[in-house]
Amino acid sequence: MQLKSIIKCLILLLLLVTFLQGCDKNTKNETAAITSVKEDSHVQALHEGEPGWKIDTSPITFDWYVNFSWFETDWGNNVVSDYITDKTGVRVNFITPTGNENEKMNTMIASGSLPDFITIGWWEDGAKKMIDQELVLPLDELAEEYDPYFYKVTDDSKLEWYRQEDGHVYGYPNASSSPEDFERYKDLKPSNQTFLVRKDMYEALGRPDMRTPEGFLNALKEAKEQFPEVNGKPLIPLGLHEFTPVGNDSLEDYLQNFLAIPMKEDGKVYDRITDPEYIKWLKTFREANEMGLLAKDIFIDKRAQMEEKIAEGRYFAMLYQRSDMAAQQQALYAKDPDSVYIAVDGPANLNLEAPTLPADGISGWTITLISKDVKDPERAIRFLSYLVSEEGQKDTFLGKRGITWETRDGKEQFLPEVLSLLKSDRMTFDQKYGAASTYWMLVDTNKTLEWAPLPAPPLKQLADWTKGKTVNLSEFEGIDPTGTTKEGIAANKIAEEWGRTLPMLLLAESEEEFDRLFHSFLQKRENYNFTIVREYRQNSYEENKRKLND
């Protein structure tokens, strides 16, 4: 009896084991089937060119370095960034330098470790260093492996423009226009470069003509005499972009463009810095200083200090980028519409020709790269593709339907209360909504024209003044050598020498001293091997022309 019971138990145990094995096999088969379906769906989505970011929307945070100390908008707690995080699962931790951008960038490069994303000016030496030192990943390889959708949403001409000698593309630009785009939008898209005067003061002076050196100096002089103070603080007759170790934008390209100095002569890249009209106007600025019309502030102030003084209306005139003072302009308008800045005809050449101002070129403004240390390359390239896509452009510009925008009169546009805040208080708008290119790192300024509202009254005049004065300078973009090549080293030494010389030219006590300093710079430039820099620039210009023609 006992033996029979044991046998019976053994039989039952064998049956149970067999049953469990069958269940395990079925479970494995089901799991494999689910995995296969999931993988197949991934492959199908990728092959069909659908947005790759939709495959995985689990939470992830990317560190994103922006090489501009003035960028202070965080991610989160505004409509746009919260909406994008809810949709894609991606949060962004922005990192910006607190001091000198180049020093911060060089420190990170020297460490060999970079944040997940990097946004930097395309012309900056750090961009080339990151590529040369293999600190960033090829976007084309990431796209081929993880996200073919990238090729559906990016512009072929921009990819070719940024393709390196090794055949790969490492960065994608914002605010970029191909030559075809430029022709298509040139009547709609203004330049950022403007000569500005404070409206009430300018009109009180009788709207003086400031195109000639004599008219320019006389207007600054009269402004200082009639308006010595602004709300108890000294008037600053003339404002410029900040002086850096390599020069000053206002006194270089901006001034040269206002003087319509050519970029080339007889097919050769023109040495604009030696142009007689340019030298004459630099001497005019020197004379302005001799007359007490250049405040010491302009030699030391950084952007933050300048923004504070613009908001106070302390400058009479500025050779400045209009987009850099938009928030302060709106604040002035809210206090007193007559205290705003208006764009007028500024420094001009002897023939009083119209300026030749740049609009968006094919290089754009900045490029965004993905680090080799990126925590998830698959999610990174898909997030970049999303931001570049029309959907991403719309999300970052307009925000969330029903919250920040609606379709009205057949057009997608901001809700009235959102638009009102945009036109009255840009800083609060950024903090609350984060729309209208608050996150500009990959903005397509051609695409956003579709949704952009008409500029607020104090901004519209500045933009309108530049229309019809823009030219396409794409063939001259990126022709200056950078990096550690012999040409790059020579160019860097020359740039730093110019950065030391330029303020000294303005502070020179006499025209004779100005001439001595300028000729000394030219001699040092030759000693630093300017010949190879000139040859590099010419060859790069020829290569650019070929690429654009192709």
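The values are calculated or read from the model by the stated rules, or taken from the named source; none is laboratory data. None of these values were measured; they are calculated from a predicted model. Neighbour counts are summed over all protein chains in view; Cβ atoms, including those assigned to glycine, are modelled from backbone coordinates with ideal geometry. Note: areas computed on protein heavy atoms with side chains; ligands, DNA, RNA excluded. Shrake-Rupley method; radii C 1.70, N 1.55, O 1.52, S 1.80 Å.
Would you be able to tell me the number of residues in the stretch 115-125 that are of a type outside the set (Phe, Trp, Tyr), open to solvent by less than 30 Å² (accessible area, probe 1.4 Å) and either out of contact with any strand residue (DSSP E or B) (no Cβ under 6 Å at 6 or more places or on another chain) or not in a loop (DSSP other than H, G, I, E, B) (or both)?
Step one: list which residues in the stretch 115-125 are of a type outside the set (Phe, Trp, Tyr), which gives 115-116, 118-121, 124-125.
Pick out the ones that are also open to solvent by less than 30 Å² (accessible area, probe 1.4 Å) and you get 115-116, 118-121, 124.
If we keep only those that are either out of contact with any strand residue (DSSP E or B) (no Cβ under 6 Å at 6 or more places or on another chain) or not in a loop (DSSP other than H, G, I, E, B) (or both) as well, we get 118-121, 124.
The number of residues fulfilling the criteria is 5.
Checking Arg525 against (1) buried (at least 18 other Cβ atoms within 10 Å of the Cβ); (2) charged (D, E, K, R); (3) free of Cβ contacts under 8 Å to residues at least 24 places away in the same chain, which single condition isn't satisfied?
Evaluating Arg525 over (1) buried (at least 18 other Cβ atoms within 10 Å of the Cβ); (2) charged (D, E, K, R); (3) free of Cβ contacts under 8 Å to residues at least 24 places away in the same chain leaves (3) as the failure.
Asp373: among the charged types (D, E, K, R), buried (at least 23 other Cβ atoms within 10 Å of the Cβ) and assigned to a loop (DSSP other than H, G, I, E, B), yes or no? Talk me through it step by step, then tell me what you get.
On the way: among the charged types (D, E, K, R): yes; buried (at least 23 other Cβ atoms within 10 Å of the Cβ): no; assigned to a loop (DSSP other than H, G, I, E, B): yes.
Spelling it out, it is not the case that Asp373 is among the charged types (D, E, K, R), buried (at least 23 other Cβ atoms within 10 Å of the Cβ) and assigned to a loop (DSSP other than H, G, I, E, B).
Within the stretch 67-90, can one find any residue that is open to solvent by 60 Å² or more (accessible area, probe 1.4 Å), touching a residue at least 60 places away in the same chain (Cβ under 8 Å) and under 22 Å from the mean Cα position of the chain (by Cα)?
Yes, the stretch 67-90 has at least one match.
In the set Leu421, Leu387, which member is farther than 30 Å from Glu141 by Cβ and hydrophobic (A, V, I, L, M, F, W, C)? Show your work before the answer.
Numbers: Leu387 fails: farther than 30 Å from Glu141 by Cβ.
The conditions single out Leu421.
Out of curiosity, is Lys38 modelled with pLDDT under 95 and among the basic types (Lys, Arg)? Give the derivation first.
Numbers: modelled with pLDDT under 95: yes; among the basic types (Lys, Arg): yes.
Against the criterion (modelled with pLDDT under 95 and among the basic types (Lys, Arg)), Lys38 qualifies.
Those residues that are of a type in the set (A, V, I, L, M, F, W, C) and buried (at least 16 other Cβ atoms within 10 Å of the Cβ), I need them from the stretch 301-316; list them, please.
Our first condition is that a residue be of a type in the set (A, V, I, L, M, F, W, C); within the stretch 301-316, this holds for 304, 306, 310-311, 316.
Matches in the stretch 301-316: Met306, Ile310, Ala311, Phe316.
For the stretch 432-462, name all the residues that are under 30 Å from Lys199 (Cα atoms), modelled with pLDDT of 95 or more and of a type in the set (A, V, I, L, M).
Ala435, Ala436, Leu462 - these are the residues of the stretch 432-462 that are under 30 Å from Lys199 (Cα atoms), modelled with pLDDT of 95 or more and of a type in the set (A, V, I, L, M).
Taking the stated definitions as given, is Ala348 aliphatic (A, V, I, L, M), out of contact with any Leu (no Cβ under 6 Å at 6 or more places or on another chain), at pLDDT below 95 and open to solvent by less than 50 Å² (accessible area, probe 1.4 Å)? It would help to see each step written out before you state the result.
On the way: aliphatic (A, V, I, L, M): yes; out of contact with any Leu (no Cβ under 6 Å at 6 or more places or on another chain): yes; at pLDDT below 95: no; open to solvent by less than 50 Å² (accessible area, probe 1.4 Å): yes.
So Ala348 fails the test.
Is the stretch 219-227 home to any residue that is within 19 Å of Thr501 (Cβ to Cβ) and of a type outside the set (Ser, Thr, Tyr)?
Of the stretch 219-227, the ones within 19 Å of Thr501 (Cβ to Cβ) are none.
Taking every residue of the stretch 219-227 in turn, none turns out to be within 19 Å of Thr501 (Cβ to Cβ) and of a type outside the set (Ser, Thr, Tyr).
Looking at (1) closer than 28 Å to Gly292 by Cβ; (2) among the acidic types (Asp, Glu); (3) touching a helix residue (DSSP H, G or I) at 6+ places or on another chain (Cβ under 9 Å), which is the one condition that is false for Asp550?
All conditions are met except number (1).
Scanning the stretch 126-136 for residues that are charged (D, E, K, R) and out of contact with any helix residue (DSSP H, G or I) (no Cβ under 7 Å at 6 or more places or on another chain), which turns out surrounded by the most Cβ atoms within 10 Å (Cβ to Cβ)? Reasoning before the result, please.
Looking only at the stretch 126-136, we keep the residues that are charged (D, E, K, R), and these are 128-129, 132, 134.
Filter once more, so that each one left must be out of contact with any helix residue (DSSP H, G or I) (no Cβ under 7 Å at 6 or more places or on another chain): 128, 132, 134.
On the way: Lys128: 20, Asp132: 14, Glu134: 12.
Checked the stretch 126-136; the qualifying residue surrounded by the most Cβ atoms within 10 Å (Cβ to Cβ) is Lys128.
For the condition touching a strand residue (DSSP E or B) at 6+ places or on another chain (Cβ under 8 Å) and at pLDDT 95 or above, what is the one hit in Thr61, Thr88, Thr57? Break it down stepwise before answering.
On the way: Thr88 fails: touching a strand residue (DSSP E or B) at 6+ places or on another chain (Cβ under 8 Å); Thr57 fails: touching a strand residue (DSSP E or B) at 6+ places or on another chain (Cβ under 8 Å).
Testing whether each residue is touching a strand residue (DSSP E or B) at 6+ places or on another chain (Cβ under 8 Å) and at pLDDT 95 or above leaves just Thr61.
Being closer than 13 Å to Val80 by Cβ, open to solvent by less than 50 Å² (accessible area, probe 1.4 Å) and more than 19 Å from the chain's Cα centre (by Cα) is the filter here, so list the residues in the stretch 402-450 that pass it.
Within the stretch 402-450, Thr404, Trp405, Phe414, Val418, Leu422, Phe429, Tyr433 meet the criteria.
Within the stretch 281-297, can you find the residues that are open to solvent by 10 Å² or more (accessible area, probe 1.4 Å) and part of a helix (DSSP H, G or I)?
Initially, the stretch 281-297 is screened for residues open to solvent by 10 Å² or more (accessible area, probe 1.4 Å), giving 283, 286-287, 289-292, 295-297.
Lys283, Arg286, Glu287, Asn289, Glu290, Asp297, listed by residue number.
Which of the following residues is touching a helix residue (DSSP H, G or I) at 6+ places or on another chain (Cβ under 7 Å) and at positive phi: Gly247, Gly239, Gly267, Gly232? Step through it out loud before you land on a result.
On the way: Gly239 fails: at positive phi; Gly267 fails: touching a helix residue (DSSP H, G or I) at 6+ places or on another chain (Cβ under 7 Å); Gly232 fails: touching a helix residue (DSSP H, G or I) at 6+ places or on another chain (Cβ under 7 Å).
Only one candidate qualifies: Gly247.
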